[in-house]
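All remarks here apply to the structure that follows.
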Amino acid sequence: MKFVRLRGSLALFIAAFIWGTTFVAQSVGMESIGPFTYGAARYVVAVPVVLLLWLLFAPKRRAAKAAGTYRSGFKAGALVGVVLFLATTLQQVGMQYTTVGKTAFITCLYLVFVPLAAVFLGSRIRTLHWCGAFLALFGLYCLSMKDGFALSYGDAIMVASSLLWTLHIICVGRFAAFVDVVELSAAQLFVCACASLVLAVLFEQPTVADIEASAAAILYAGVMSSGVAFTLQIVGQQYAEPALAAVIMSLESVFGAVSGAIFLGESMRAAELSGCALMLAGMLLTQLAGVRGDTRLS
């Protein structure tokens, strides 16, 4: 059981690393194209990647059908895809009106929103989960806040996006244990691709030259972030509790800061390095909560 939990946590950790490094791709890609076009392009690239995974997992799916344990993930994936489309689109649009630091901080408010939502849904959250989440949240503050905090138009969009990310994490956690995870991933990405294409054509009229200029950023985001990482999220959430999953996935901010320093020449101050350490401490504390079963809130 502990090995299974560790495998789920590792999948989420890798997903967080990919998402963090994708911040660089988002920054570079948005220099030539708009948010809807960027989203459409990355998801159009991602869909074939996940369909390839769907073909590779065909023997496992046939075995599940023979054993009577197979449940299609397409219907659930379509529902989750609507939430994912709204979350990613709002995040991409909001980045035009606020700083990257505030984007990372506000988006990862799902660290607090997920445990709160779990309480409202009737779950019991362990005390160490709360401590780990708030420790990681304070780490995010140290890492991301480079100027004064004021809820601007862009910040408000990011708050809405964070609420949608919370809903996405909860929905994935609800369905991942019961349906084919690759089908769920493929369906959600297909919905995102179709919806983003509609918005791109209606509001941005992208040109081939603009898309070609952002090809490298689009390919990385499409293959690694949208295709691989979102699938790893679904796999990981089969075995990790929602609060634990939220803390691990929030490490994308740490990896985003590090990749920004390496690839974009952004410097990290002492406070930001302290934030990285606090987030890692929060993740480890929440991992400990998964082992200790006597620390539940009543």
**Test: Val93 is crowded, with 21+ Cβ neighbours inside 10 Å and at pLDDT 75 or above** = no
**Fill in**
Within the stretch 45-75, restricting to residues that are of a type in the set (Phe, Trp, Tyr) and in a helix (DSSP H, G or I), the one that is surrounded by the fewest Cβ atoms within 10 Å (Cβ to Cβ) is Phe74
**Prompt:** How many residues are in contact with a Lys or Arg (Cβ under 8 Å, 6 or more places away or on another chain), surrounded by fewer than 23 Cβ atoms within 10 Å (Cβ to Cβ) and of a type in the set (Val, Ile, Thr) if we restrict to the stretch 211-254?
**Reply:** 0
**All positions within the stretch 265-298 that are surrounded by fewer than 14 Cβ atoms within 10 Å (Cβ to Cβ), at pLDDT 70 or above and in a loop (DSSP other than H, G, I, E, B)** = Gly265, Ser267, Arg269
**Request:** Kindly indicate which of Cys142, Cys194, Cys171, Cys131 is free of Cβ contacts under 8 Å to residues at least 24 places away in the same chain and within 22 Å of the chain's Cα centre (by Cα).
**Result:** Cys194
**Message:** Suppose we filter Val208, Val235 for residues that are without any contact (Cβ under 8 Å) to a residue 24 or more places away in the chain and not aromatic (Phe, Trp, Tyr); which single one remains?
**Reply:** Val208
**Residues of the stretch 96-122 that turn out to be surrounded by fewer than 16 Cβ atoms within 10 Å (Cβ to Cβ), small (Gly, Ala, Ser) and touching a residue at least 12 places away in the same chain (Cβ under 8 Å), as a count** = 0
**Request:** Report whether or not Ile14 is surrounded by 14 or more Cβ atoms within 10 Å (Cβ to Cβ) and closer than 21 Å to Ala200 by Cα.
**Result:** no
**Asked** Of the residues in the stretch 6-44, how many are closer than 25 Å to Leu280 by Cα and not in a helix (DSSP H, G or I)?
**Response** 0
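The values are calculated or read from the model by the stated rules, or taken from the named source; none is laboratory data. It should be emphasised that the depicted structure is a prediction, and the values quoted were computed from it without experimental measurement. Quick reminder, even Gly has a Cβ in these numbers, built from the backbone with ideal geometry, and neighbours come from all protein chains shown.
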